[in-house]
There are 2 protein chains.
Amino acid sequence: MRKQPRQRRSRRMVDALIDATAQCIVEHGVDGTTTPRIAECAGVSVGSLYQYFSDKDALFEALGEKLAHDVARALKRLPLPESANLHDLVGGAIRFGFEMLNAREGLFLELIRNWHRLPTARVADVLQDHFLELARLYFIKHHQRYPIADLQVRMFIVANSTLFTMVRQVSQDEGLLRQEEVAEGLTNMIVGYLGGETGPSR
Amino acid sequence: MRKQPRQRRSRRMVDALIDATAQCIVEHGVDGTTTPRIAECAGVSVGSLYQYFSDKDALFEALGEKLAHDVARALKRLPLPESANLHDLVGGAIRFGFEMLNAREGLFLELIRNWHRLPTARVADVLQDHFLELARLYFIKHHQRYPIADLQVRMFIVANSTLFTMVRQVSQDEGLLRQEEVAEGLTNMIVGYLGGETGPSR
DNA sequence: ATTGAATGCGAATACATATTCGCATTATGG
DNA sequence: CCATAATGCGAATATGTATTCGCATTCAAT
């Protein structure tokens, strides 16, 4: 950030700009998100934008930071059933993922689609860390029953498979495949891969 | 295409332009692939470009068409071991996928990264159809051993999971995870999902 | 060889976008 | 209330890119 906003109105402007960035992404896509549009959408002049953000990318970074914060908070609120079996755990995570992709008018969807050219690493890190930790806890607890080697590799595969399959599913406007079917399929695939057993009954 | 190239030199120019498009994508990424650059790279003037392509997108489409053709040919050449078990089949397909992503100096990698804003549907279709057919044949033959429900859903999940996990793996320059580990993990996950017990126990 | 069509050219046009700068307005501390 | 700093403005600038157009060159058929 180029300059620290000291007064109240400038701090509100910074917030408005970040929110406007998100709204522009939702309405016009990442490519259609231009600085004039962001400024207009925030009800602010272009010049003011550059008072606090060194360039357009800084805006995206700020948005990423904010979203990472939001996501972290949402994750903490998720109830973590102590006694849940693997199938329910994974199923819950996937349902949570679909909710995220459909939330915010598709903001996350568009961001993930453009992951390779956006400074979105922070959001990804938050998710990655959370689920890696979750998995670590779970598998330490059930070590006898589920001896899992190379957790890193498995989580990498599982996370990316899930995320992008969901993105593709939500992206295809034609409802050829139902979200529920895909969610169920993903869950089964992952549970089979991580735990061995299939299905909720044991 | 705006006009049919009738003479030999013009046909060669059209080819050169398509090749130049591919090379530009490799060297400068999809975003850095501009019409002046393509023309220069093809050793041709910008004006000539517009003789045969109505706009830049038409060039990408033509490239997609050509690649679809190439991929289809490569797939047909792939030896299809009659007696292979599921693990070898899937493993072979995944190894083939990694080869593709590393081939052509990362052309396919960059194209898939930008899948959502490119007219690449044809290439995807070729792959989709091929593997769906492959799966159908395999599972018809082994019906007794591997009763598989909803092949469509499963192939959707498997294809997207594999593709994007591979893309992410190849994209991360830091070799934190070895390609071989990821390939092996993916193979195990997919084999478990396709070949193991039938899905949801309701 | 001649001629008309096809091809090729690249400067010029039109547009869009990122970023800056000098000036006007507003807040804050004394 | 004043003085100074902070803030806000938006026309102007700089850059880049897609696309066109009038003219030059080459081809192919007679």
Problem - Distances in nm from residue A:129 to the matching label points in the other copies, shortest first (labels 7 Å along Cα to Cβ) - result: 4.8
Fill in the blank from the handout: Computed for chain B: size of charge dipole around the Cα centre, +1 on C-beta of each Lys and Arg, -1 on C-beta of each Asp and Glu, debye to nearest 20, value 880 debye
Problem - Neighbour cut-off at most 10 other Cβ (10 Å), DSSP loop, trypsin sites (Lys or Arg not before Pro), segment B:114-192 - result: B:145
Exercise for the section: Please work out the average accessible area per residue across segment A:67-195, using the 1.4 Å probe convention, and give it in Å². Expected result: 51 Å²
Completion exercise
For residue A:105 and residue B:116, extending 7 Å from Cα along the Cα-Cβ vector and measuring point to point gives, in nm, a value of 1.6 nm
Completion exercise
In degrees rounded to 10, the 0-90 angle between helix A:151-171 Cα long axis and the longest Cα principal axis of chain A is 60 degrees
Completion exercise
Relative contact order as a percentage, chain A, C-alpha pairs under 8 Å and 6+ apart, gives 23 percent
Practice task
Could you check how much of the accessible area of chain B is carbon and sulfur, as a whole percent, using a 1.4 Å probe?
Solution key: 50 percent
Completion exercise
In the protein assembly as shown, lysine pairs 8 or more places apart or on different chains with C-alpha atoms under 21 Å apart total 10
Exercise for the section: For chain B, build the charge dipole from Cβ charges (+1 Lys, Arg; -1 Asp, Glu) around the Cα centre, then report which of B:87, B:156, B:69 sits farthest towards its positive end. Expected result: B:69
Exercise for the section: Work out the mean other chain Cβ neighbour count within 10 Å for the residues of A:167-174 and drop it here as an integer. Expected result: 2
Practice task
Find which of A:97, A:137, A:109 sits farthest along the positive direction of the dipole of segment A:67-195, computed with +1 on the beta-carbon of Lys and Arg, -1 on that of Asp and Glu, about the Cα centre.
Solution key: A:137
Practice task
Report, as an integer, the average count of C-beta atoms from other chains found within 10 Å of each Cβ along A:188-195.
Solution key: 6
Completion exercise
Exposed GluC sites (Glu not before Pro) being those in a DSSP loop with at most 16 other Cβ atoms within 10 Å, the longest stretch of chain A free of them is A:83-173
Problem - Charged-residue dipole, Cβ positions (Lys, Arg, Asp, Glu), the protein assembly as shown about Cα centre, Debye nearest 20 - result: 620 debye
Problem - Label-to-label distance, nm, for residues given as residue B:141 and residue B:77 (7 Å Cα→Cβ offset) - result: 2.3 nm
Completion exercise
Ignoring ligands and nucleic acids, chains A and B bury, in total, an accessible area (1.4 Å probe) to the nearest 100 Å² of about 2900 Å²
Handout entry: Shielding by partners, peptide A:115-124 (average Cβ within 10 angstrom, other chains)
Key = 2
Handout entry: Distances in nm from residue A:47 to the matching label points in the other copies, shortest first (labels 7 Å along Cα to Cβ)
Key = 4.3
Problem - Copies compared at residue A:2 - label distances in nm, ascending, label defined 7 Å from Cα in the Cβ direction - result: 4.0
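The values are calculated or read from the model by the stated rules, or taken from the named source; none is laboratory data. Quick caveat, the model's predicted, so the values are computed rather than measured. Neighbour counts run over all protein chains shown; Cβ positions are idealised from the backbone, glycine included. What goes into the accessible areas is simple: the full protein's heavy atoms, side chains included, and nothing from ligands, DNA or RNA. Shrake-Rupley method; radii C 1.70, N 1.55, O 1.52, S 1.80 Å.
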